[in-house]
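What follows is a short report on a single structure.
Just so you know, all these numbers are worked out from the coordinates, no wet-lab data involved. Bear in mind that the values here come from a model prediction, so they are computed numbers and not experimental data. A quick note on method: Cβ atoms are made from the backbone with ideal geometry, for glycine too, and the neighbour counts reach across all protein chains shown.
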Amino acid sequence: MNMRIIVLGGGMVGLHMLTSLRDDHQVIVVEKRQDRVDELKEKFPDADVLHGDACEPSVLDAAQVAGADVVAAVTGDDEDNLVISYLSKFEYGVPLVFARVNNPKNEWLFTPDWGVDEAVCSASIIVQLVQEELTLGEMVTLLKLRRENLMVEEIQLEEGNAVVGRTIRDIPLPTKTLVATILRDRRILIPRGDLTLLAGDKILFISEPDKVEELRKLLGLV
């Protein structure tokens, strides 16, 4: 799924997101330091890099934030990231808003009330979700599960794992654990009971945190 991703903040975190995602998605970077804008444009001549203060609605208009699938507020200032998140969610209706937390003491502020769907300490979680080729709806669902104290555990099966060659219905999963989906050869499979698991399958489990260790033991991973 090709997405329009607006990265607000062109520092090291913004640079990481640009280099990781630009080949498969439309990535627009907004940075208020002119020298940094010039540096990014020199390094990536074909990249969309805009100069401006992302806390200003006129700058967000120029970046066409209203048409974004994902906004990542990753400046080095927590106050700016909160303002950007609030505007992106409530003024522009962006479906998924990530915000970088620079000072751990401020993490309690980064909530849905401020328009933040997920507070992160780095860009890694955003890059990982996008690179896993999840749809926007799937990303939102995963983040909601995290807030409801449910773990999303992705496990790739290998030859020799205890469940390889068995059907889903034959696997004695821990209580309050379910198979959400299976990725096989870049295809998403519905986890029906008669589906036989193969080496190489990526399985997405949803479970309570205290069941994850039991699940990994069942699969022969510990």
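Annotation: amide H-H contacts under 5 Å for Val120 (H modelled 1.01 Å from N, sequence separation of 5 or more, or interchain): Ala99, Arg100, Val101.
About the Cα centre, and with charges only on the beta carbon of Lys, Arg (+1) and Asp, Glu (-1), how big is the dipole of the range 149-218? Nearest 20 debye, please. Mind dumping the intermediate values first?
Numbers: 11 positive and 12 negative charges, 49 e Å.
Once rounded to the nearest 20, the dipole reads 240 debye.
In this structure the amide hydrogen of Arg166, modeled in the peptide plane, comes within under 5 Å of the amide hydrogens of Leu197, none closer than 5 places in sequence on its chain.
Farthest towards the positive end of the charge dipole of the chain, among the residues Ser207, Ile126, Leu8, is the Cα of Ser207, using unit charges on the Cβ of Lys, Arg, Asp and Glu. Note on Lys89: lysines with a C-alpha under 17 Å away, same-chain residues under 8 apart excluded, are Lys144.
Please compute the contact order of the chain in relative form: average sequence separation of alpha-carbon pairs under 8 Å and at least six residues apart, divided by the residue count, as a percent. Kindly include the intermediate steps, with their values, before the conclusion.
Working: 399 pairs, mean separation 32.5, N = 222.
Here the relative contact order equals 15 percent.
Taking only DSSP H segments of four or more residues, each worth -39500 (n - 2.57), what value at 222 nm results for the chain once the sum is divided by all its residues, to the nearest 500 deg cm²/dmol?
Details: 7 runs with 62 residues, N = 222.
It comes out at -8000 deg cm²/dmol, rounded to the nearest 500.
Rounded to the nearest whole Hz, the Karplus-based 3J(HN,Hα) values (6.51 cos²θ - 1.76 cosθ + 1.60, θ = phi - 60°) of the range 89-98 follow the sequence 6, 9, 9, 10, x, 5, x, 9, 10, 9, with x at glycine and proline. Overall, the chain carries a charge dipole of about 740 debye about its Cα centre when +1 sits on the Cβ of Lys and Arg and -1 on the Cβ of Asp and Glu, all other atoms neutral. A Förster radius of 45 Å combined with the Cβ-Cβ distance from Arg184 to Ala47 puts the calculated FRET efficiency at roughly 0.85.
In this simple spin-label approximation, Met12 and Lys217 carry label points 7 Å from Cα along the Cα→Cβ vector, and these lie 4.0 nm apart.
Sort out the exposed loop trypsin sites (Lys or Arg not before Pro) in the chain (DSSP loop, at most 15 other Cβ within 10 Å) and tell me the longest stretch that has none. Let's see the in-between values first.
Details: sites that count: Arg33, Arg166, Lys176, Arg186, Arg192.
Formally, the longest exposed-site-free interval is 34-165.
Using the Cβ-Cβ distance between Asp61 and Val127 with R0 = 30 Å, the FRET efficiency computed as 1/(1 + (r/R0)^6) comes to roughly 0.70. The simple Förster model, with R0 at 45 Å and r as the Cβ-Cβ distance, assigns Arg4 and Asp210 a FRET efficiency of 0.70. Normalising the average separation of contacting C-alpha pairs (under 8 angstrom, six or more residues apart) by the number of residues puts the relative contact order of the range 164-213 at 47 percent. Once the chain from Gln156 to Lys105 is taken as fully extended at 0.36 nm per residue, the excess over their C-alpha distance is 14.8 nm.
The phi torsions of the range 50-66, fed into the Karplus equation with coefficients 6.51, -1.76 and 1.60 and a -60° offset, translate into couplings of 10, 9, x, 8, 5, 7, 8, x, 5, 6, 5, 4, 4, 7, 6, 4, 4 Hz, rounded to whole numbers, with Gly and Pro shown as x.
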